[in-house]
Amino acid sequence: MPIAETDVRWVKAPTLGLLDRLYIPAIMQGLGTTIKHVFQPKVTQQFPEVRPDLPANYRGLHRLNRDADGRVKCVACFMCSTACPARCIDIVAAPAPPEWKDREKYPEMFVIDELRCIYCGMCEQACPCDAIELTSLFDLTGLSREEMMFDKEKLLSVFDETVKMGKDPIRTQAGVLSCASEPSI
Amino acid sequence: MNIIWDNWPTILTVLVVFGALQALGGGLVYVERKICAFMQNRVGPNRVGPMGLLQILADGLKFILKEEFIPKYADRVVFIIAPTIGFIAAMLSFAVVPFGPTGDPTKIEYASEYQFVIAKNVDIGILFIFAISSLTVYGIILGGWASNNKYSMLGGLRSSAQIISYEIPLGLSILGVTILSGSLNLERVLWHQSADIGSWHIWTQPLAFFLFMVSAFAECNRLPFDLPETEQELVGGYHTEYNGMKLAFFFLGEYTHMVTTSFLMVILFFGGWHFPGIAERDSLGVLKLMAFIVKVFVFIIFYMLIRWTIPRFRFDQLMSLAWKVFIPMALLNLVAVMIVKEFDMPLWLLTLVSIAIIVGAGFITSKPPMRIVKTAA
Ligand code: SF4
Ligand code: SF4
């Protein structure tokens, strides 16, 4: 359907005055702007010395959270690896030890390929137990591909490291005690 | 042997100037990066050495140590010759430019005293500079052609389109100055203005200065006229395929050109080493040298400020600017100078004429076609 004539607004190109057509005032104005910037405070962060102040919801390196007893919170439900668009979470589930009364399974192996991950945070959203979270650590490096496959121990150590920093609180979505920590009746 | 012994001051000057120009090229890259950074609220190179000053050396080392790669289908001979032509032409044109205190060239003892210029008293000085420095364009065109790359080729072609635009206003604009000072000899033009600040040509020839400056920007391939390079459209243009020392030669040529044209602007319009109260005709040579260098640096900084301020022209815009605006303006200015000289009229008339021409050009330039744009309300 064509646009109704009443809906059309006619815009005229502004006519240039004498000063506009000389261009010199405009150039002077431009120079003024750029020179003003020379004396403005600089915004550069001196990165390795000055760490950036990242927001708490920054999506960096993953961690596997521990529950109050220090056990891995994950119940090996595979929700995260199903949700992961990059298919980079590899979980091998095993029956939970008999003394863990509150769950049936736990991850015997839990590997995230940090090189394949696109840091979308879908795993974090999918997890019913808040067991996996993305921290604000962003400068991870490695000398080989194998080094960048983060296994369960490494991901748990990331938790130990970040939970004390105060930067990455445990962002629980399912209550203080999430599903895996609920005492069995 | 004798010829070397007799001319040792000149040979020393050549060596010093040659070295200084190359060092200056490196230094200017640093200054340019710093200024660019400041204008974008960044801090610029600051890692290598204090305030990043050793960045100059690091850049130089990188250029020297890089692999010398020549594309398989490039014309090897021309590919290697092209940057050399650009570099040599840029260096050579500096030969007649006075870069420090010079005496009165009309006196007999001028030739026997030491003067801060490599080739003393060259009567065709300005012609020499224009003749040699327009050769740098050959470097660009040949480099673009020899690379056998479409981007480079387009860069080279644009460069040739550019040279036929700016060369004429460049030459025409300074004719007025040469008529006023009665010589093409740069030292004489300089001496002519060193009487007092009122004799600087900028007062009587502001229009010529403006035209010369804009054309010089085009000649140095600096923004807003860096059409042959245009990183955004031509990925570097004529030097897309160049790396290492050959690329460095192109850059050195460009920066030397910038320095030369800055010197020319100071010599032709701003009295060279003359500065009222500080560097008069009978002042110490050091003061004159300082005044000169400071003035030149002001222009170099201005080049860089402009570079990060004005967006690039299209080459048809450059052409129509040069042919439809600058050449008529320069011609009118030239006629005005001739009339004033012929009838011994007061020189301040020329200032008025310059202003009148600029304002008149503003009036004449065609009004933009009335564009009416339909937009949905
Ligand atoms: S952040 Fe995204 S890509 Fe990375 S592991 Fe989680 S779901 Fe997969
Ligand atoms: S979604 Fe949570 S609980 Fe389920 S496997 Fe992944 S990390 Fe473990």
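The values are calculated or read from the model by the stated rules, or taken from the named source; none is laboratory data. Small disclaimer: the values here were computed from a predicted structure and weren't measured. We place every Cβ from the backbone using ideal geometry, glycine too, and count neighbours over all the protein chains shown. Calculation scope for accessible area: heavy atoms of the full protein, side chains included, ligands and nucleic acids excluded. Shrake-Rupley method; radii C 1.70, N 1.55, O 1.52, S 1.80 Å.
Kindly provide the helix-only [θ] at 222 nm of chain B, computed as the sum of -39,500 (n - 2.57) over DSSP H runs of four or more divided by all residues, to the nearest 500 deg cm²/dmol?
For chain B, the value works out to -20500 deg cm²/dmol.
Just how much of A:C84 is accessible, in Å², when a 1.4 Å probe is used and the result is rounded to the nearest 10?
10
If you build a Gaussian network model of chain B, linking Cα atoms that sit under 10 Å apart, which residue out of B:A195, B:A161, B:A37 swings the most?
Result: B:A37 has the largest fluctuation of those listed.
Using only Cα atoms, what Kirkwood radius does the protein assembly as shown have, in angstroms?
29.2
Shape verdict for chain B, please, from the Cα gyration tensor: rounded (a/c under 1.5), prolate (a/b greater than b/c) or oblate.
Since a/c reaches 1.5 but b/c is at least a/b, the shape of chain B is classed as oblate.
Check A:E133: other-chain or 5+ apart residues with amide H under 5 Å from its amide H, H built from backbone geometry?
Counting only residues 5 or more places away or on other chains, the set is A:R63, A:N65.
Angle, helix A:24-38 long axis vs. longest principal axis of chain A, Cα atoms, 0 to 90°, nearest 10?
Rounded to the nearest ten degrees, it is 30.
Sort A:64-71, B:99-106 by the packing proxy (mean of other Cβ within 10 Å over each peptide's residues), most packed first.
Top of the packing list down: B:99-106, A:64-71.
Distance from the Cα centre of the range A:4-30 to that of the range A:33-84, in angstrom?
Here the answer is 46 Å between Cα centres.
In chain B, which helices (entire DSSP H runs) extend 20 Å or more along their own long axis, judged by Cα positions, while averaging at least -0.5 on the Kyte-Doolittle scale?
Helices meeting the span and hydropathy rule in chain B are B:8-39, B:76-92, B:150-181, B:244-269, B:285-307, B:327-342, B:348-364.
What does the accessible area of B:D59 come to, in Å² to the nearest 10, when a probe of 1.4 Å is used?
About 30 Å², rounded to the nearest 10.
Hand me the trypsin sites (Lys or Arg not before Pro) from the range B:148-223 located in a DSSP loop with no more than 16 other Cβ atoms within 10 Å, in residue order please.
For trypsin sites (Lys or Arg not before Pro) across the range B:148-223 that sit outside H, G, I, E and B with at most 16 neighbouring Cβ atoms in 10 Å, the list is empty.
Using only Cα atoms and rounding to the nearest 10 degrees, what angle (0 to 90) does helix A:152-163 make with the longest principal axis of chain A?
60
Please report how far the C-alpha centroid of the range A:90-106 lies from that of the range B:94-139, rounded to the nearest whole angstrom.
If we compute the Cα centre of each part, the gap is 89 Å.
State the three equivalent ellipsoid semi-axes of chain A, derived from the C-alpha gyration tensor as the square roots of 5 times its eigenvalues, in descending order and whole Å.
Whole-Å semi-axes of the equivalent ellipsoid: 53, 25, 16.
Non-local amide H neighbours of B:F275 (under 5 Å, H modeled in plane, Pro and chain starts lacking H): which ones?
Under 5 Å from the amide H of B:F275: B:E280.
For the range B:274-334 and the range B:192-242, write down the distance between their C-alpha centroids in whole Å.
7
Out of the trypsin sites (Lys or Arg not before Pro) in the range B:307-336, which ones are loop residues according to DSSP with at most 10 other C-beta atoms within 10 Å?
The qualifying sites are B:R314.
Could you rank the peptides B:21-33, A:127-139, A:39-51 by their average count of other C-beta atoms within 10 Å per residue, with the highest value first?
Going from most to least packed, we get A:127-139, B:21-33, A:39-51.
For the range B:152-243, what log10 I(q)/I(0) values come out of the Debye formula at q = 0.19 1/Å, with one point per alpha carbon and no solvent?
Results for the range B:152-243 at q = 0.19 Å⁻¹ read -0.83.
List the trypsin sites (Lys or Arg not before Pro) within the range A:97-148 that fall in a DSSP loop (any state other than H, G, I, E or B) and whose Cβ has at most 14 other Cβ atoms within 10 Å.
Here the sparse-neighbourhood loop sites are A:K101, A:R116, A:R145.
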